[in-house]
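Structure first, commentary second.
The values are calculated or read from the model by the stated rules, or taken from the named source; none is laboratory data. Owing to the predicted nature of the structure, the values given are computational and were not obtained by experimental measurement. We place every Cβ from the backbone using ideal geometry, glycine too, and count neighbours over all the protein chains shown.
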Amino acid sequence: MKKDLLDIICCPVCKEDLTLKTSKVDGEEILEGVLECVKCHNKYPIEEGIPNLLPPE
Ligand SMILES: [Zn+2]
């Protein structure tokens, strides 16, 4: 996913902003990492460049 996408996406649970804890970046592209909600602290993985924004069970 592009870094710009961070401005658009939000937590599916509480709609707050997500912070990125990156582990692998290629230029403007985030390949692997973890998105963490600033409010509820749910974590959403980014795998192979695709953010998984499904709410936790
Ligand atoms: Zn949240």
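The table for this structure:
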| item | result |
| --- | --- |
| Number of the exception - GLU16 against (1) surrounded by fewer than 12 Cβ atoms within 10 Å (Cβ to Cβ); (2) touching a Cys at 6+ places or on another chain (Cβ under 9 Å) | (1) |
| Residues within segment 24-42 that are assigned to a strand (DSSP E or B), farther than 19 Å from ILE8 by Cβ and within 12 Å of the chain's Cα centre (by Cα), tallied | 1 |
| Subset of segment 43-57 [over 18 Å from ASP7 (Cβ atoms) and outside any loop (DSSP other than H, G, I, E, B)] | LYS43, PRO45, GLU47 |
| Verdict on GLU16 being of a type outside the set (Phe, Trp, Tyr), outside any strand (DSSP E or B) and at pLDDT 95 or above | yes |
| Subset of segment 3-46 [away from the ligand (no atom under 16 Å from the Cβ) and touching a helix residue (DSSP H, G or I) at 6+ places or on another chain (Cβ under 7 Å)] | GLU28, ILE30 |
